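Structure, as structure tokens:
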Amino acid sequence: MKRDNSIWWILAAVVLLLCFGDNILALAGSVVGGILSFTISGVVLLAVAALVFFVVMAIFGSVFFAILMAVGALLLGGLTVFWPILLAIFVVYLLVRKKPRAV
């Protein structure tokens, strides 16, 4: 004979929600804020790259130079957006790499 414990699970969920509800909502807000931050940074980055491409094409008229400037803006923008991730990856690499032994 199986006992029905669903009411206890519901009660436990309500108690946990009352205890940790604001932390759960803060975490959800943090995740959504991070996603919006990366999205807005990406849109601004594309706008700056397009502006640089337009200015270089209007002034110099050189397609190669304009593409070079736009790629440079994208690289610098990507570096500014992703430097914390690159730093974390570098630290993890330093921690897990196999250190060479001295002979």
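The values are calculated or read from the model by the stated rules, or taken from the named source; none is laboratory data. Quick caveat, the model's predicted, so the values are computed rather than measured. Note that we place each Cβ from the backbone using ideal geometry, even for glycine, and neighbour counts take in every protein chain shown.
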Practice problem: For region 85-98, indicate whether the set of residues that are free of Cβ contacts under 8 Å to residues at least 40 places away in the same chain, of a type in the set (D, E, K, R), exposed (fewer than 12 other Cβ atoms within 10 Å of the Cβ) and not in a helix (DSSP H, G or I) is non-empty. | Solution: yes
Quiz item: Among PHE64, PHE53, which is the only one that is among the hydrophobic types (A, V, I, L, M, F, W, C), surrounded by 10 or more Cβ atoms within 10 Å (Cβ to Cβ) and without any contact (Cβ under 8 Å) to a residue 40 or more places away in the chain?
Solution: PHE53
Quiz item: Somewhere in region 39-60, is a residue in contact with a Leu (Cβ under 8 Å, 6 or more places away or on another chain), among the β-branched types (Val, Ile, Thr) and either modelled with pLDDT of 85 or more or assigned to a helix (DSSP H, G or I) (or both)?
Solution: no
Quiz item: Taking ALA26, is it in a helix (DSSP H, G or I), aliphatic (A, V, I, L, M), at pLDDT below 85 and out of contact with any Phe, Trp or Tyr (no Cβ under 9 Å at 6 or more places or on another chain)?
Solution: no
